[in-house]
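Notes to accompany the following structure.
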Amino acid sequence: MMFLFSGDQIVLFADRVLKFTGSGKMKCRILLVTDFAIYIVDPETDSLKRRIALAAVEKICLSELSDNFLAVIIPTEYDLLIASARKNEIVAAFVEAYELEVVSSNR
């Protein structure tokens, strides 16, 4: 399974996460964060579901509760809501890759 495109050089984070749809359904996905983009992969079919350039990401919003939720805010597309026990590692990868703004919010 190889989804990396030109520009990607380093995988900074890779793990299974729960992704939440707009209708509130949960789906198991693989989250890959590279130095250039975010990839969402379906582990059952090994298919790429979404690719988001880090340049399109405005900020990361962390839940103030201990519920492992974080939202990736993408003004030009729909936002990405995920949950992971490795939330802090995901944020560290985003900050290392693109020095994104990280805020706490329960909205």
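Taking all protein chains as present, what is the carbon and sulfur share of the accessible area of the chain, in % to the nearest whole number, probe 1.4 Å?
Details: 3140 of 6180 Å².
Whole-percent figure for carbon plus sulfur exposure: 51.
Normalised by residue number, the volume inside the convex hull of the Cα atoms of the chain is 98 Å³ per residue.
Couplings 3J(HN,Hα) for the stretch 87-95, derived from phi with the Karplus relation 6.51 cos²θ - 1.76 cosθ + 1.60 (θ = phi - 60°), are 3, 5, 5, 4, 4, 4, 5, 4, 5 Hz, where x marks Gly and Pro. Checking the cross-link filter: which lysines have an alpha carbon closer than 19 Å to that of residue 49, excluding same-chain neighbours under 8 positions apart? Leaving aside lysines fewer than 8 places away in the same chain, those within reach of residue 49 are 19, 25, 27.
Within 10 Å, at most 14 other Cβ atoms, and a DSSP state outside H, G, I, E, B define an exposed site. Report the longest part of the chain free of exposed GluC sites (Glu not before Pro).
Numbers: sites that count: 44, 58, 64, 77, 99.
Of all site-free stretches, the longest is 1-43.
The values are calculated or read from the model by the stated rules, or taken from the named source; none is laboratory data. Not measured: the values here are computed from a predicted model. Backbone-built Cβ (ideal geometry, glycine too); neighbour counts: all protein chains shown. Just so you know, the surface numbers come from the protein's heavy atoms only, side chains and all, with ligands and any DNA or RNA stripped out. Shrake-Rupley method; radii C 1.70, N 1.55, O 1.52, S 1.80 Å.
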